[in-house]
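No value in this document is a laboratory result; all are computed from the given coordinates. Please read these numbers as outputs of a predicted model, since none were measured by experiment. Here Cβ is always computed from backbone atoms with ideal geometry, including for glycine, and neighbour counts include all displayed protein chains.
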Amino acid sequence: MISGRVISTEKEVVDFATVYLKGTSYGCSTNEKGLYHIQAPAGEYTLVVTAVGYKTVERKVRLIADDRVKENLVIAPLVTELGEVTVTTSGVSESINPHSMP
């Protein structure tokens with residue numbers, strides 16, 4: 001079994017991140033505290049964590065029969081630079097005399 005916690009580089013909990021063993025059907029989502037637990041047979045795996053707005057992290061892990069492995073993971077926010085935006089408007093300028101309104 002492998003378990004741990006996923007946090008960001010800002011030390012914030014990353015809830016509902018996907019954590020899985022690459023190339024297998026073993027995986028789960030983190031809970032609201034960033035905790036995960038995966039039951040898998042002994043072997044060597046690549047542990048992967050993905051979350052919206054964060055960079056994917058991969059780490060090699062070895063699971064040993066009847067042993068519990070704790071693997072806490074830190075993931076960094078994904079920074080996307082947007083291109084330049086130009087805003088233009090067009091319209092008619094009109095003055096209204098408030099005294100002429102009913």
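A few comments on the model shown:
- Reported count of residues in segment 63-74, each being surrounded by 11 or more Cβ atoms within 10 Å (Cβ to Cβ) and assigned to a strand (DSSP E or B), is 4.
- Filtered residues of segment 1-36 (kept if farther than 21 Å from ALA76 by Cα and either part of a strand (DSSP E or B) or under 14 Å from the mean Cα position of the chain (by Cα) (or both)): ILE2
- Restricting segment 37-62 to residues that are under 20 Å from the mean Cα position of the chain (by Cα) and under 12 Å from MET1 (Cβ atoms), the residue that is surrounded by the fewest Cβ atoms within 10 Å (Cβ to Cβ): HIS37
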